[in-house]
Amino acid sequence: MVSSDMDISEKLKSLSIDRSTAARPTGGWKLPAMIAGGVALIAIAWAVFGRSNGPSETPLQPVGASPPSAASGAPEATTRPRGGLVASGYVVARRSATVSVDITGRLTDVLFEEGAVVEKGQILARLDADLARYDLQLARGRLQAANAEISSIEAQMVEAEAQRQRAEKLVSSGAVSAAAYDTAVSRIETLTAQQRAALADAAVAQTAINRQSEFVERHIVRAPFAGVIIAKNAQAGEILSPAAGGGEFTRTGVATLVDMASLEVEVDVNEGQISDISAGQLATIVLDAYPDWQIPGEVIAIIPTANRDRATIQVRVGFKERDERVLPQMAAKVTFDRSAD
């Protein structure tokens, strides 16, 4: 039992370190270890974060290549798909007007609503024309007075002529002097002058009537052509003027009228592709509202000027078929027939 304890203690002694003979390390090892650790940390940080935060590896493009397109306010460029050149645009009315008035006045009647179909010359609205009608009645009264004056003078001329004839007979028989005959002749000349003046007054009165009648007519707003009312711009009680009056309650128009038979599509075509389009060329129109409806069209004209900011030229395309579903300001795409190339 004693021998076994001794063996264990000997083994433990063999595992102990002899500090008297072991070499003591100096304090110089700490600085190289810290430098090495810092370099390692920097390398690890660059490997982890450097690639994600650094510039993206974008492949270089050859010289002259177009950069990727970005969203902007520029119009959609024309393209050339399999069916032919395609351009985007809008439906416009070649014939449209803001129906206004010729004179300033207060609106008393509005005889239409939006969407109404009207004929040329149809009454759309009326202005207050009471004063104008009073002036017309006054002009007519002046004409009546002038005509009455003419009638009176003509009756006096008949009497004066009879007196002249009697004076002429009496002078020939010696019953009266020649002075009496001269007086009768002078009377006729005076009445003739008065008649000419009365006729002139009557002509002036008739002209005043014509003018005032036209002025009364201008208080009535009529449709200048047949079409459809797309906007009602004024209400009864408002003051209308042919020019902007600068006031909040003064309007310049009554309605917006569109001739639906004049609808067409205006598109912008890139300058580099305009040589592929010519007047009379067939085309297909597709409205954004009806993407499955293909409408046959035809190039009406190419506007002879370019837009320098957009490098485009405007092309007018007409509908070969009319349909009530086609409305102004609808977005549309036009595919030009390549057979005309």
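Since every read-out is calculated from the coordinates, none of them should be taken as a lab result. Please read all numbers here as calculations on a predicted model, not as lab measurements. Cβ coordinates were reconstructed from backbone atoms using ideal geometry, including for glycine residues, and neighbour counts include every protein chain displayed.
Is any residue of segment 139-176 close enough, with backbone N under 20 Å, to a label point placed 7 angstrom from the Cα of Ala203 along the Cα-Cβ axis, and if so, which? Answer for this model: 139-154.
Exposure proxy for Glu119, Glu298: other Cβ atoms within 10 Å of each Cβ, ordered fewest to most, give Glu119, Glu298. Maximal additional length on extending the Asp135-Leu111 stretch stands at 6.1 nm, based on 0.36 nm per residue less the C-alpha distance. Note that segment 300-312 has calculated 3J(HN,Hα) couplings of 7, 6, 10, 5, x, 7, 10, 8, 5, 6, 10, 6, 10 Hz, one per residue in order, obtained from phi through the Karplus relation 6.51 cos²θ - 1.76 cosθ + 1.60 (θ = phi - 60°); glycine and proline are x. Summing Cβ point charges (Lys, Arg +1; Asp, Glu -1) relative to the Cα centre of segment 143-248 gives a dipole of roughly 160 debye.
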